[in-house]
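Asker: Got a structure for you, questions after.
The values are calculated or read from the model by the stated rules, or taken from the named source; none is laboratory data. Model, not experiment: these values are computed from the prediction. Here Cβ is always computed from backbone atoms with ideal geometry, including for glycine, and neighbour counts include all displayed protein chains.
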Amino acid sequence: MGGPKAMRTRRWPFARSIKGDLLAGTAFFVVALGTVLVGGTHSALGTLLREEMQKRGTAIGALAANASREMLLNADTYALHQILVDLQAQNEDVAYIYLLSANGKVAAHSFLNGFPRGLAALRAGLEPRATLHIRTPERGAIREISVPVLDGELGSLQVGMSEERLRERLSRLVFIWVLAAAALLIVKLIAGFWLTLRFSNRVDGLIGKVERIGRGDDGPPADESGSDEISSLAKAFNRTSTQLRETRRDLIHAGKLAAVGELASGVAHEINNTLNTIGVCAQALQERAENPALRAAAGFEDFPEYLGAIREEIERCRKITANLLDFARQDAPERRRVDLNDLARGAVPLSALHLGTKEEAIALKLARDPLPVRGDPSQLHQAIVNLYLNALDSSPPGERVVVSSRRVNGNAVISVQDRGPGVAPEHAERIFDPFFTTKPAGKGTGLGLSICRRIAQSHGGTISMANHPAGGAVFEMTLPVDVEPGG
């Protein structure tokens, strides 16, 4: 029961993740930075306070030396003792002061209970201005600073500065600095956690988007807010997902077209066989109608009209089956270099003839320069004719269809604008689907625009529809411009 799968399940909670790595890295950085800051602050403040103590002790010694010169010269020991006691009382950091004469004997001191034995001997062998470090039971660590009197001719003053107060001040300052540094580091830690969670949440959003796309659920696009690398990744991902969605839609559409095309081909052939039989029978009846005896029969006057109606409906059905066969045909285009403007001009007469209208119903506003494309002239001609017929059929009588062409970003674009009511929003998504039509029953097969789309895609292009602000719909077919080598 505890196979490999169970082992993987037990290890899963400890699996590494970007979020965990970032949080751990942020915490480690903050702790390391805090340690360095506290250690550096303690060292810097200690050095600063020791230098300040050295300067202060030297200043006190210099003050005492200046005040004691005259008394030394007059050998006024009592006055010297009083000056040293007063200086010690005025400065809490001073543990003691004593005066060594030029012969190394203690001339005066600030000790109330007598001069400690051996204190003067500690200076034996030291430089005159050397600093002495000692420790006493009463005052703890003491830094003894030596200040010469009259350049040492009259001896030197020894000022004992208590380091315990120095350490107390250092502890207080370090504590304040530690609090400030801790507050700053906590803010940095919170900011780091927030940034890490924000980053990981956005990454999780992209992962969720990928999983939804894998399940076929597009959902809302990824969040593109901001200007960082994650935003750029989200934008690129949205572009890719849009392309995948369009590719998937095109594949589904292509599958539908293939299935419908196969069905349409079979239906068209079956209908054509039936139409051929009906046509042969109608032709035989037409020939018999030429018999004078039959013409004289009662009720014959409606016979030619009925035969004419049958032949017209046969012809209309043949056009429908021809469209079905065109739709079902998957012939590869025979590509060659053609001018899209020439194809646009050549499609005008046939379109006008097909609907029994004048060529002036189509207004051409083509680009002055040629628009060379590489494609099958017959298929492209068919697509343009279908666009013309759709526009003419949608426009009221007397209105002109406007056809224009232009070059845009390396593509040749032909636009056909009708004067009809436009395309309703609920029909826009299905306008290029096979057999979809907004025309009344019997007025269209719904294959013309679908054939246009298939031809455009087989030539590496696209076809789109939009309603014009001034009214009517605009259909645009975009094809890659054929660039000659070295052109």
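Asker: Restricting to the stretch 103-115, name every residue that is surrounded by 15 or more Cβ atoms within 10 Å (Cβ to Cβ) and either over 13 Å from S68 (Cα atoms) or outside the structural domain of R165 (by TED's automatic domain parsing) (or both).
Answerer: Residues satisfying the conditions are V106, S110, F111.
Asker: Between a first residue in the stretch 414-431 that is closer than 15 Å to S395 by Cβ and a second residue that is acidic (D, E) and in a loop (DSSP other than H, G, I, E, B), which pairs have beta carbons less than 9 Å apart while being 6 or more apart in sequence or on different chains?
Answerer: D418/E399; R419/E399; G420/E399
Asker: Among the residues of the stretch 78-102, what is the count of those that are part of a loop (DSSP other than H, G, I, E, B), out of contact with any strand residue (DSSP E or B) (no Cβ under 6 Å at 6 or more places or on another chain) and either in contact (Cβ under 8 Å) with a residue 40 or more places away in the chain or not assigned by TED's automatic domain parsing to the domain that holds L154 (or both)?
Answerer: Result for the stretch 78-102: 2.
Asker: Taking only the stretch 434-464 into account, find how many residues are outside any helix (DSSP H, G or I) and modelled with pLDDT of 80 or more.
Answerer: Selection size over the stretch 434-464: 6.
Asker: Name every residue in the stretch 169-186 that is in contact (Cβ under 8 Å) with a residue 24 or more places away in the chain and either touching a His at 6+ places or on another chain (Cβ under 6 Å) or farther than 21 Å from V31 by Cα (or both), in order of residue number.
Answerer: Residues satisfying the conditions are R169, L170, V174.
Asker: Next question. Given the conditions (1) loosely packed, with under 14 Cβ neighbours inside 10 Å; (2) farther than 30 Å from E92 by Cβ; (3) of a type in the set (G, A, S), report the number of the one that G192 does not fulfil.
Answerer: Against the list (1) loosely packed, with under 14 Cβ neighbours inside 10 Å; (2) farther than 30 Å from E92 by Cβ; (3) of a type in the set (G, A, S), G192 comes up short only on (1).
Asker: Can you spot a residue in the stretch 409-417 that is surrounded by fewer than 15 Cβ atoms within 10 Å (Cβ to Cβ) and closer than 14 Å to T478 by Cβ? So that I can check it myself, show each step before the final result.
Answerer: Step one: list which residues in the stretch 409-417 are surrounded by fewer than 15 Cβ atoms within 10 Å (Cβ to Cβ), which gives 409-410.
Those left that are additionally closer than 14 Å to T478 by Cβ: 409-410.
Yes; the residues of the stretch 409-417 include at least one that is surrounded by fewer than 15 Cβ atoms within 10 Å (Cβ to Cβ) and closer than 14 Å to T478 by Cβ.
To keep it simple, each residue is scored yes or no on (1) acidic (D, E); (2) assigned to a helix (DSSP H, G or I); (3) within 15 Å of V348 (Cβ to Cβ); (4) modelled with pLDDT of 90 or more.
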position: L387; (1), (2), (3), (4): no, yes, yes, yes
position: N390; (1), (2), (3), (4): no, yes, yes, no
position: P396; (1), (2), (3), (4): no, no, no, no
position: V402; (1), (2), (3), (4): no, no, yes, yes
position: R407; (1), (2), (3), (4): no, no, no, yes
position: G422; (1), (2), (3), (4): no, no, no, no
position: R430; (1), (2), (3), (4): no, no, no, no
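Asker: Checking E127 against (1) modelled with pLDDT of 75 or more; (2) more than 18 Å from T77 (Cβ to Cβ), only one condition comes out false. Which one?
Answerer: Going through the list (1) modelled with pLDDT of 75 or more; (2) more than 18 Å from T77 (Cβ to Cβ), E127 breaks only (1).
Asker: Please name all residue pairs, on different chains or six or more residues apart, with Cβ atoms under 8 Å, provided the first residue is in the stretch 242-269 and is outside the structural domain of Q457 (by TED's automatic domain parsing) and the second residue is modelled with pLDDT under 70 and among the acidic types (D, E).
Answerer: Once the first residue is outside the structural domain of Q457 (by TED's automatic domain parsing) and sits in the stretch 242-269, its partners that are modelled with pLDDT under 70 and among the acidic types (D, E) give R245/D218.
Asker: Scan the stretch 1-57 for residues that are at pLDDT 70 or above and of a type in the set (G, A, S) and jot them down.
Answerer: A24, G25, A27, A32, G34, G39, G40, S43, A44, G57 - these are the residues of the stretch 1-57 that are at pLDDT 70 or above and of a type in the set (G, A, S).
Asker: If you don't mind, there's one more thing I want to ask. Can you pull out the residues in the stretch 337-356 that are outside any helix (DSSP H, G or I) and surrounded by fewer than 15 Cβ atoms within 10 Å (Cβ to Cβ)?
Answerer: Result: R337, G356.
Asker: Just wondering, is there one or more residues in the stretch 475-482 that are in contact (Cβ under 8 Å) with a residue 12 or more places away in the chain, exposed (fewer than 15 other Cβ atoms within 10 Å of the Cβ), assigned to a loop (DSSP other than H, G, I, E, B) and in contact with a strand residue (DSSP E or B) (Cβ under 9 Å, 6 or more places away or on another chain)?
Answerer: no
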